[in-house]
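A.B. asks: Sharing a structure below in structure tokens format, with a few things to ask.
Every number here is computed from the coordinates shown, using simple stated rules; none is lab data. Note that the structure is predicted; figures quoted are calculated from it, not measured. Because the Cβ atoms are built from the backbone with ideal geometry, glycine has one as well, and the counts that use them run over all protein chains shown.
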Amino acid sequence: MQFVIAETLEHALELMASGSRPIAGGTDLVVGARQGKEPLPDALVAIDRLGVLASIDGGTGEDGEIVIGACVSHATIAGHGDIIDLVPGLADGSSLVGSPATRHVGTIGGNIMNASPAMDTGAPLLAAGAAVEVASTRGSRLLAVADLWLGPGQTSVDSDELCVAVHIPRPGPRTSSAYVRLEYRRTMEIAVVGAGAQVSLSDDGSVASASVALTAVAPVIIAVQGLSEVVGLQPGEAARTVARLASEQSRPISDLRASDRYRRHTVGVMASRAVLAACRRAAGEEIAVPVNRSEGIGAGYPGDAVANTTADGVEL
Amino acid sequence: MKINLNVNGVTFPVDIEPDRSLSGVLRNEIGLTGTKEGCDDCECGACMVLLDGHPVNSCSYLAVQTDGRQVTTVEGLADADGLAPLQQAMLDAGGVQCGFCTPGMLMSATALLSENPEPTVEEIRIGLSGNLCRCTGYAKIIEAVGSDAPST
Amino acid sequence: MQQGSGTTKFVRADGPDKVTGSGRYAADMVLPGMLFAAFRYAEVSHARIVELDVEAARSMPGVLAVLTDDDVPDVRYGAGVADRTLFARGVVRFEGEVVAAVAATTPEAARSAADAIVFEYEELPAIVDVEQAIEPVSPLVHAGWEDYEASTERGHNVASYSSITLGDTDTALAAAHTVVTSRYVADASHAVPIEPRAVLAQWEGDKVTIWSSTQVPFDAQAGVCETLEMPANRVRVVVPHLGGGFGGKCGFHFEAHVAALARAARRPVKLVFTRREEFTAPDRRREGMVIELTSGLDADGRIVARTGEVLIDCGAYIADGAFFPQVASMHIAGPYSIPNVSIEASLVYTNHQPSGSVRAPTAPQGCWAVESHTDELAETVGLDPVEFRRLNAVREGATGPSGQVYGPIGLLDCIDAAVASASYGTDLAADEAVGVAVGWWPTFAVPSGAYVKINGDGSGQIITGAQECGTGSVMTLCQLAAEEVGLNPEDFQLVYQDTAAGPWDMGATGSQTLVNNGRAVVAASQQIADALKKLAADQLEASPDDIELLEGQARVVGTPAASIAIGELAAIAAGGELLLGHGSGPPPVAPEISATCVGDQGMAAWVAPQFSCHAIRVKVDRDTGVVRVLSVAAAHDSGTIINPMGAQGQVHGGVLMGIGQALSEGTVYDDRGNQMNPGLLEYKLQTIADAPPISIDFVGVAAPDGGPRGSKGIAEAPNVATAAAIANGIAKVVGARLTQLPMKPERVWEASSGAAEAGGR
């Protein structure tokens, strides 16, 4: 196996043009090889030291777009003030990924290019209308995430193209987002199902526009269609409608983690909760990241009432 | 592939295949077996080490990626004067039973406390969530990490 | 050396090793010239071997040995039923069965060679359902079972059968005011110690030393002796630090395979398991169970009769499961005074991985079933579940379901303590409830031995056959020895888990270490105390009877000025008769019982029974079925608690394991008997974020037939009633019973939505 640490982005792209695969945190690549899913590639180029891929622009440009370098870690995203203010749904997603270690070395670029239908950043990005910027020695291009994923582990990006950044349109006023996933444990989970929502509210508190994306109910992250139906509805009614649409439109499989029937039901529950949380955030309420641990199904214990006692019931 | 592996402040020149895991190289080439291997899929955290101060699952991290970076293992916590306060706190609280998760647990806790010296119980729970323990029910580990916060 | 400074804080002698990373576990060991082992597994649950050809593997580079059944002595072994061989012989009966073993210069070379072995087979129908397996038309897992040497009651695909009969259940049920029948199914689960096992063997001449991550070094030694036909004094099993066990590392496993490889290769050989292998290969899995039980109540809510039938999934081989049916029957009876009992249980062969003792085998599942049933009974007669238990629970002087009459026991105290700690009965949110369950577990009274010596400098050494698996029970031996001879626990170091050094001990199994080896250490220490008193009497011109040993000093009682340091006495002894003690002490005798037991395995008469009550507050997300455990109140009668910190650690760990078993841990099989989740990603242990606050009450009733100072075991008991209490909490919230363990979110949601549709919420 050949392994090269890229010195510049151009260096990395040249190596990719000659067949190298990129590695940043290696959380999917190396674990996959250890599990025997797929051997490591013959040639790897390490891109995790490229500073140009490691920054976040929280909307300083003319169009106010938020640009996140591909090698920005989940830990950074989950704690970044601009992300939490503008696209908290993405911060929700990043803060739920794996363990603290995984969040430190795992990157957003790796997460989206791995193209798992269970990825936690996919639904918030799709709901936010994000695009990926990919580059190669042939040039660079922008690609909507909606057009990126083709199936589990498959993208529409060529093998010599490197994801360099994620671009998220700046959300308008009274607009916010949330990502909620069904998890059996409070941490260290892979989404059984999940839902990301971005909602804009009208002055009367009703939904002006909404977009919702679903995790792990189809071969790729999917967007819920027909959301014009919820425009004008108050949040509660909108959430119920979204739940129905999400369940109807999901195409889940049955596997070890859940049956298709259960997934179809619970994705509606998750979508409903994501819409409600996004509405509350859009109305100006502060809900801590991640929604799961502060409001959702991951909450409801030590986080609140008993957080200040040790396991022996002793006041700290 | 020749790299310089800096572990606990000492630089070790090693010549390794690029597909070798950091934990394997630490345990075999460097001879530091405090770092444990307990699973195949980054779930148990027994292999946790610090890379430039941040926790990383060394079983699933390529050793060559650490070239020129600082690796800290459990062997790097104590110094000539004795145990680090966190190590002592783990013993005093009873947070050690079989000890197999202990090195990884100590490394995650070290990273947590360096970023957040006075973590709440909930912050400890999230900060150590990548480390499985089957013996203690975690209660005395939480106690140890909480008591090690400098304020108390 | 400072002695006798008076501290009583528990200090783990192995603590510094474990927090600094300097302590060695089996996988850390390296020897010159060491080779690496790899196994070829069946990877099919039931098949006839058509071809097994190792020639290609033998000639691969770096390969020094390849072994199959042809290469080891013709020995069939197994406790209760000799149904096992080291390597598969003719037929494979579960996916993790070892077909062949390789030793090579690198792990990769060993793996490649194992993969290169030609193994062709004809698949046979997999027997995976215990209820079908006992039907006479079912194919057999062991075609020649009638020819096996056996000491159990057996039958068609039944490795061990037992029954407990007391009184006349037919008459009592016919006369009962109310009769309730329930059926419960428990999935299999796993012990999952964080350390995957490792074995290293080295021959010197005709002797072999085996370093193994086993909880039971003397069992491992005996297994090697039996299968490789060697005397015990040429097989030395040493356990470096052991990274947890929970029963998963009980039993004789792979020590003989590795020793045989090392002998054939003439080099040391090391085997290190992956997590997947740890899940699939050992004879250790918590048994799946199918439980049917019927109870009759009188008008006041007293249980007057109970019948039950239990089928336990043995898997392919009996392992140590011979006693499972009887101990399961006791759990189906429960810690209640029931005058008429008839319970039958069978350990049923299937083509699953063999079951073996995992932390209180059969008990958490049995308790979950019976305590769910108990709440159903209480509801039927309109009694509060706690009042119902107080009415029926065994107490001092009461007769239990096997006809054992109890001495001083603390079950009622446990109930009082747990419900008080849990604020049982206070108003809670609609999605929360407190579930209550009681449990019990025997104390295993078995032989054990230890030596104690005091060195010339006054420092102490305990040489014991006992095995430390992390609980701290071996570490606590220092405390017992210190108190006998007037020193501090820190003044002692331990030589342990080495079969060549220590006397026989059953190992880290059955919660028995402190009870039995503690007795041995106390006996050995008393010999030293006597010798010290004689030495002191000579020096102080007093009678040995008037000498007390305290705080590092030998003193004349009532004359504190007349004293001499124990260190000085040790120096005197070093020039004359050395300070050596050895002890064993007779184990307590099993109590009498009046029940009739077919297939008796000695598990219906319980020495120093342990009791517990857990009251657990749960929160149920009824839209998804996700259950969070908010808090646990655990009350235990484990006799006198000698090491509170260690005992608390056992309750914390046992409860969390129980929560896992209740909610997230369950082995899933495909219809051919293969595990679908043999890894930590899909077999979900509870994380630190899931761990609830646990309050602990030790009610502290000293056991007259217990270990030192009236102690009982504690390591397994906290696992028993946890899933049961959670089940009762869930049922209160969702208005329906979960009848399959684990109570995974989808199962809770199914029950909850079923109850909602039926208007039962």
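A.B. asks: Which of the aspartates and glutamates could a cross-linker span from residue C:533 if the Cα-Cα distance has to be under 19 Å and same-chain partners fewer than 8 positions apart are dropped?
C.D. replies: Straight-line reach from residue C:533, under 19 Å: C:457, C:483, C:484, C:491, C:541, C:545, C:546, C:548, C:551, C:568, C:577.
A.B. asks: Another question about this same structure. Amide H of residue A:155 versus every other amide H placed in the peptide plane: which residues, excluding those fewer than 5 positions away on the same chain, fall under 5 Å?
C.D. replies: Hits under the 5 Å cutoff: A:150.
A.B. asks: Now for a different question. For peptide B:48-57, how many partner chain Cβ atoms fall within 10 Å of a residue's Cβ, on average?
C.D. replies: Values: counts 3, 1, 2, 3, 1, 1, 7, 7, 8, 10.
Across B:48-57, the average partner-chain Cβ count within 10 Å equals 4.
A.B. asks: Now for a different question. Describe numerically, in nm with one decimal, the distance between label points set 7 Å from Cα along Cα→Cβ at residue C:539 and at residue C:757.
C.D. replies: In this crude label model, residue C:539 to residue C:757 measures out at 8.2 nm.
A.B. asks: Where the centre of each part is set by its Cα atoms, how far does region C:599-631 sit from region B:98-152, in angstrom?
C.D. replies: Region C:599-631 and region B:98-152 have Cα centres spaced 27 Å from each other.
A.B. asks: Calculated FRET efficiency, residue C:30 and residue C:495, Cβ-Cβ r, R0 22 Å, to nearest 0.05? Please report the intermediate quantities before stating the final value.
C.D. replies: Numbers: r = 22 Å, r/R0 = 1.01.
Once rounded, the FRET efficiency stands at 0.50.
A.B. asks: To make sure I understand, if each residue's beta carbon is the centre and we count other beta carbons within 10 Å, what order do C:349, A:262 fall in, fewest to most?
C.D. replies: Numbers: C:349 30, A:262 23.
Arranged by neighbour count, lowest to highest, C:349, A:262 become A:262, C:349.
A.B. asks: At 25 °C and 0.890 mPa s, grab the translational diffusion coefficient of region B:85-147 from Stokes-Einstein with a Kirkwood Rh over Cα pairs, rounded to a whole number in µm² per second. If you can, show how the numbers build up before the last one.
C.D. replies: Numbers: Rh = 11.2 Å.
D, rounded to a whole number, is 219 µm²/s.
A.B. asks: Could you pull out which residues in region A:84-122 have an amide N less than 13 Å from a spot 7 Å beyond the Cα of residue A:57, following the Cα-Cβ vector?
C.D. replies: Within reach of a label on residue A:57: no residues.
A.B. asks: Using +1 at the Cβ of each Lys and Arg and -1 at the Cβ of each Asp and Glu in the protein assembly as shown, identify which of C:244, C:615, C:681 lies farthest towards the dipole's positive end.
C.D. replies: Farthest towards the positive pole: C:681.
A.B. asks: Please give, to one decimal in nm, the separation of the simple spin-label points placed at residue C:123 and residue A:240, each 7 Å out from Cα toward the Cβ.
C.D. replies: About 5.0 nm separates the two model spin labels.
A.B. asks: Reported to two decimal places, what Rg/Rh ratio describes region C:455-521 when computed on Cα atoms with Rh from the Kirkwood expression?
C.D. replies: Values: Rg = 11.4 Å, Rh = 11.9 Å.
We get a ratio of 0.96 for region C:455-521.
A.B. asks: Where the Cα atoms of region B:60-107 are projected onto their three principal axes, how long is each span, largest first, in whole Å?
C.D. replies: Ordered largest first, region B:60-107 gives principal extents of 37, 25, 11 Å.
A.B. asks: Taking chain C as a whole, which cysteines find no other cysteine Cβ under 4.7 angstrom from their Cβ?
C.D. replies: Cys with no partner Cβ under 4.7 Å: C:225, C:250, C:314, C:367, C:469, C:478, C:597.
A.B. asks: Among C:471, B:72, B:66, what is the fewest-to-most ranking by other Cβ atoms within 10 Å?
C.D. replies: Ascending number of Cβ neighbours within 10 Å: B:72, B:66, C:471.
A.B. asks: Take every Cα-Cα pair in chain C and report what % of them are more than 53 Å apart. Could the numbers behind the result be given before it?
C.D. replies: On the way: 38077 of 289180 pairs.
So the portion of pairs separated by more than 53 Å is 13 percent.
A.B. asks: OK, next. What's the angle, to the nearest 10 degrees (0 to 90), between helix B:102-115's Cα axis and the longest principal axis of chain B?
C.D. replies: Helix B:102-115 sits at roughly 80 degrees to that axis.
A.B. asks: Describe numerically, in nm with one decimal, the distance between label points set 7 Å from Cα along Cα→Cβ at residue C:578 and at residue A:256.
C.D. replies: The two pseudo-label positions are separated by 5.5 nm.
A.B. asks: While we're on this one: How crowded by other chains is C:236-245, given as the mean number of beta carbons from other chains within 10 Å of each beta carbon? The partial results should precede the final answer.
C.D. replies: Details: counts 0, 0, 0, 0, 0, 3, 3, 11, 9, 3.
Rounded to a whole number, the mean comes out at 3.
A.B. asks: Would you give the gap between the C-alpha center of region C:195-266 and the C-alpha center of region C:509-563, rounded to a whole Å?
C.D. replies: Using only Cα atoms to place each centre, the spacing works out to 37 Å.
A.B. asks: Report, largest value first, the span of the C-alpha coordinates of chain B along each principal axis, in whole Å.
C.D. replies: 46, 33, 24
A.B. asks: For region C:183-253, run through the GluC sites (Glu not before Pro) and keep only the ones in DSSP coil with at most 13 other Cβ atoms within 10 Å of their Cβ. Don't jump to the answer; show the numbers that get you there.
C.D. replies: Details: sites: C:204, C:226, C:229; in loops: C:229.
The qualifying sites are C:229.
A.B. asks: Okay, next question. Per DSSP helix of 4 or more residues, -39500 (n - 2.57); summed, then divided by the residues of the protein assembly as shown. What does that give at 222 nm, rounded to the nearest 500? Don't jump to the answer; show the numbers that get you there.
C.D. replies: Values: 34 runs with 341 residues, N = 1229.
Helices in the protein assembly as shown give a 222 nm mean residue ellipticity of -8000 deg cm²/dmol.
A.B. asks: Next question, about the same structure. Report the Cα centroid-to-centroid distance between region A:70-143 and region C:325-339 in angstrom, as an integer.
C.D. replies: Distance between centres, Cα-based: 55 Å.
A.B. asks: Consider all pairwise Cα distances in the protein assembly as shown and report the whole-number % of them above 47 Å. Present the calculation step by step, with values, prior to reporting the outcome.
C.D. replies: Values: 259178 of 754606 pairs.
Of the Cα pairs, 34 percent sit more than 47 Å apart.
A.B. asks: Across region A:236-248, in residue order, what do the Karplus-derived ³J(HN,Hα) couplings come to in whole Hz, using 6.51 cos²θ - 1.76 cosθ + 1.60 with θ = phi - 60° and x for Gly and Pro?
C.D. replies: x, 5, 4, 4, 5, 5, 4, 4, 5, 4, 5, 4, 5
A.B. asks: How many partner chain Cβ atoms sit within 10 Å of a residue's Cβ in peptide C:642-655, on average, as a whole number?
C.D. replies: Mean partner-chain Cβ count within 10 Å for C:642-655: 4.
A.B. asks: Across region C:434-440, in residue order, what do the Karplus-derived ³J(HN,Hα) couplings come to in whole Hz, using 6.51 cos²θ - 1.76 cosθ + 1.60 with θ = phi - 60° and x for Gly and Pro?
C.D. replies: Per residue, the Karplus-derived 3J(HN,Hα) values read 9, x, 10, 8, 10, x, 8 Hz.
A.B. asks: With 27 Å as the limit, write out which pairs from C:270/C:684; B:2/B:36; C:207/C:270; C:684/C:712 have Cα-Cα distances beyond it, or answer none. Working shown, then result.
C.D. replies: Numbers: C:270/C:684 29 Å; B:2/B:36 24 Å; C:207/C:270 17 Å; C:684/C:712 31 Å.
Beyond 27 Å: C:270/C:684; C:684/C:712.
A.B. asks: So, one more: Rank these for me by crowding, C:347, C:535, C:124, C:514, going from fewest to most other beta carbons within 10 Å.
C.D. replies: Values: C:347 35, C:535 23, C:124 18, C:514 30.
Sorted ascending by nearby Cβ count, the order is C:124, C:535, C:514, C:347.
A.B. asks: Percent of Cα-Cα pairs per 5 Å bin, from 0 to the last occupied bin, for region A:175-294, please list those.
C.D. replies: Taking every Cα pair in region A:175-294, the percentages come to 2, 14, 24, 23, 18, 12, 5, 2, 0, 0.
A.B. asks: Let me ask you something else. Within 10 Å of each candidate Cβ there may be at most 10 other Cβ atoms; applying that plus a DSSP loop requirement, which GluC sites (Glu not before Pro) in region A:1-103 survive?
C.D. replies: Working: sites: A:7, A:10, A:14, A:62, A:65; in loops: A:7, A:62, A:65.
Answer in residue order: A:7, A:62.
A.B. asks: Please report the base-10 log of the normalised intensity I(q)/I(0) for region A:69-177, using a Debye sum with one equal scatterer per alpha carbon and no solvent, at each q in 0.15, 0.17, 0.20 (1/Å).
C.D. replies: Here the Debye-derived log intensity ratios amount to -0.59, -0.76, -1.04.
A.B. asks: Further question on the same structure: Structure shown: which of C:453/C:534; C:18/C:453; C:249/C:744 lie over 23 Å apart, alpha-carbon to alpha-carbon?
C.D. replies: On the way: C:453/C:534 16 Å; C:18/C:453 25 Å; C:249/C:744 27 Å.
Result: C:18/C:453; C:249/C:744 exceed 23 Å.
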